[in-house]
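These notes concern the structure reproduced below.
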Amino acid sequence: MSGELSAAYRSGRVRALKRDGLYYHLSMEAPGLAPSEPGAFFMIGLGEIESPAPDPLLMRPMSVLNHDGDFVDILFKVVGRGTELLAAAEPGDSLRLLGPLGRPFSRAAQPQPILVGGGAGVPPLCFLSRRLSAEGIAHRVLFGFNSADDVPDSALSKLSQEPEIFTLDGRRGQKGHTVAALAGDREAGRIQACGPGPMLEALKKVRQPGEAMELSLEERMACGMGFCRGCVRPVATGDDWRYATVCREGPVFDADDLVDVNEAGEVCLQEEGSCG
Amino acid sequence: MADLLVFAGGLELKNPMLAASGCFGYGLEADPVIPPSLFGGIVTKTITPAPRRGNPVPRLAETHAGMLNSIGLENVGLDAFLADKLPALEDVDSKIVVSVSAGSAGEFAEMAERLAEHARVDALELNLSCPNVAEHGRNFAADPAAVAAIGKAVRRVFARPMWIKLSPNVTDISEVARAAQDAGADAVTAINTLLGMDINIDSGKSPFARVTAGLSGPAILPVALAAVWRIAREGGIPTIGVGGASSAKGLLKFLAAGAEAVQLGTVLFSDPGAPQRILDDLATHLDAQGHTNLNSLREQWKEQA
Ligand SMILES: Cc1cc2nc3c(=O)[nH]c(=O)nc-3n(C[C@H](O)[C@H](O)[C@H](O)COP(=O)(O)O)c2cc1C
Ligand code: FES
């Protein structure tokens, strides 16, 4: 666990929901929340805050695209039933919000930030880029998408600087992966990345010696506050390792803390069961 | 306003609502979103003699009106619990029930002996839904003889209230409750999660490394109510109800089925506003029915029976 929670559980309302490329842009009004830092997320669910057994049961973690006073914006892709229902919301619908949660990205001018986003990993980096620009911090922004049709142009148009776009189909920006653009010798910066696992793995391989690197991870969550232990990743502790919670100690981790270990040996040996 | 005080499993609780083991960490993580002092009691995450890392992810899956978990009893172990977690609960205005699990009756007793040295431990809850190492991982809670042996071993060294948590994954839960009663338990907690699983239709396999997992949430409320009722109707041992409660109504159903108090689990994830709302709604319900306390409501249920 790291730090006191600044989160609150509040009711909110849908202000607007519109398509943006492959994504949905949800604008919400939710008074009474602490301000969010880029990289933070909310647990979000449909329905009244008083509903005892909502359906779907669990709220979904969503990175903040923007948080300004009483207004919170997210950009999400439909991946399952929870997001499917959220994509069908109407202006005025009630929402439940818990947040802001999680350890955000760091913000410093030196070494120069290099923001690398892939697909659904782009929203928190849009927030970060806007905040860095507002603070006068020069930085690079590289965003990758599978197809030109995926690009959330409306969200990107709010950035103070034009991102370098990469698409696999080559119909927008440069053809190929963001990571390829960082290969070879270059000046070490601070990589701040969010995206699919393979993208994050590939990034580690193009990292310059001594380069700072922060990775934002995704995991299934239930509580979002660090007490169900459902959302863990292995991190180093001296010569050993332990499970850290993505919701509380992350979602942003220093790449040097994340370790690849053989986790299979840890599995509860119960024959048939449900070790809680 | 009605008084919510209850006597449950040998403890005086300021209200009949507890946090269930594994669903509220070590009591402080959710503060101030869920203030720990709201609860009549907090059952801490099950601890084992040595720390356990638990299972790899995925550890969670959502189901209709419920969820599956395969945490694998991740916990800090007894030493770190006594050094770091228990002292931090000093100022919490709730009873502290420490959930423990171990591989044998002897290990259970050793843990109980050490916990007995700490005044902040108001009661123990023995989590027997865990592998019996000597019996190739067979669930203790499925074996009345093992339940009795563990209960007796702990009873000898621990004088404060002892609760035994039962698994629903048995043919006759009242038989196991009788074994707990014979061992001198002050109450049984019913129920732990139901054995369940999920299948990924692309791989044709369960997403969980352990294959099976534990089902909890609103879907299991009817199962938990029936378990509590079956144990309570024999009248031998008090029960603490748990499984799927998510509102004051759910809590009242457990009390009417015979539970002395009720634990909240999954609802603490899905609705962190629930504990405060449940307390408010309980008091409102009693006031509206003209009851000044819960005993008076219990009397009314009895008269109507
Ligand atoms: C994520 C999770 C972790 C759990 N961990 C434990 C545990 O460590 N010890 C235990 O006795 N029960 C554990 N349980 C079971 C709960 O205490 C409770 O018995 C069960 O979830 C049913 O109640 P509910 O439907 O209100 O959640 C856990 C349940 C969940 C969902
Ligand atoms: S979601 Fe519960 S610990 Fe992270």
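The values are calculated or read from the model by the stated rules, or taken from the named source; none is laboratory data. In this text, all values refer to a predicted model and were calculated from it rather than measured experimentally. Please note: Cβ atoms are built from the backbone with ideal geometry, for glycine as well, and neighbour counts cover all protein chains shown.
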Could you say which residue among B:Pro51, B:Pro36, B:Pro56 is within 27 Å of A:Pro54 (Cα to Cα) and either within 14 Å of chain A (Cβ to nearest Cβ) or out of contact with any Ser or Thr (no Cβ under 8 Å at 6 or more places or on another chain) (or both)? B:Pro36
Taking A:Leu17 as meeting all but one of (1) out of contact with any His (no Cβ under 8 Å at 6 or more places or on another chain); (2) away from chain B (no Cβ under 14 Å); (3) over 20 Å from A:Leu125 (Cβ atoms), write down the number of the exception. (1)
Residues of the stretch B:142-169 satisfying the condition of being more than 21 Å from B:Glu260 (Cα to Cα), within 13 Å of chain A (Cβ to nearest Cβ) and either small (Gly, Ala, Ser) or within 17 Å of the chain's Cα centre (by Cα) (or both): B:Ala142, B:Asn169
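Can we say B:Ala2 is modelled with pLDDT under 95 and more than 22 Å from B:Val211 (Cα to Cα)?
Here the answer is yes, as B:Ala2 does meet what is asked.
Looking only at the stretch B:239-254, filter to residues that are over 17 Å from B:Ala65 (Cβ atoms) and under 15 Å from the mean Cα position of the chain (by Cα); which one of those is farthest from ligand 2 (Cβ to nearest atom)? Lay out the reasoning, then the answer.
We begin by selecting, within the stretch B:239-254, every residue over 17 Å from B:Ala65 (Cβ atoms); these are B:239-241, B:248, B:251-252, B:254.
Still in the running and under 15 Å from the mean Cα position of the chain (by Cα): B:239-241, B:251, B:254.
Working: B:Thr239: 28, B:Ile240: 24, B:Gly241: 24, B:Leu251: 23, B:Phe254: 25 Å.
Per the criteria, the residue is B:Thr239.
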Could you count how many residues in the stretch A:18-59 are free of Cβ contacts under 8 Å to residues at least 40 places away in the same chain and part of a strand (DSSP E or B)? 1
I'd like the full set of residues that are part of a strand (DSSP E or B) and modelled with pLDDT of 95 or more, limited to the stretch B:92-140. B:Lys95, B:Ile96, B:Val97, B:Val98, B:Ser99, B:Val100, B:Ala123, B:Leu124, B:Glu125, B:Leu126, B:Asn127
Elements of type strands (runs of 3 or more DSSP E) in the stretch B:172-224, at least 1 residues being within 16 Å of ligand 2 (Cβ to nearest atom) and farther than 22 Å from B:Glu260 by Cα: B:213-216
Name, by its number, the condition in (1) touching a Lys or Arg at 6+ places or on another chain (Cβ under 6 Å); (2) away from ligand 1 (no atom under 16 Å from the Cβ) that does not hold for B:Ser104. (1)
Scan of the stretch A:241-266 for residues that are more than 16 Å from ligand 2 (Cβ to nearest atom) and within 10 Å of chain B (Cβ to nearest Cβ), ordered by number: A:Trp241, A:Val261, A:Asn262, A:Glu263, A:Ala264, A:Gly265, A:Glu266
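Matching residues to (1) of a type outside the set (D, E, K, R); (2) within 14 Å of chain A (Cβ to nearest Cβ); (3) surrounded by 23 or more Cβ atoms within 10 Å (Cβ to Cβ):
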{"position": "B:Thr44", "(1), (2), (3)": "yes, yes, yes"}
{"position": "B:Leu68", "(1), (2), (3)": "yes, yes, yes"}
{"position": "B:Ala80", "(1), (2), (3)": "yes, yes, no"}
{"position": "B:Gly103", "(1), (2), (3)": "yes, yes, no"}
{"position": "B:Glu107", "(1), (2), (3)": "no, no, no"}
{"position": "B:Glu110", "(1), (2), (3)": "no, no, no"}
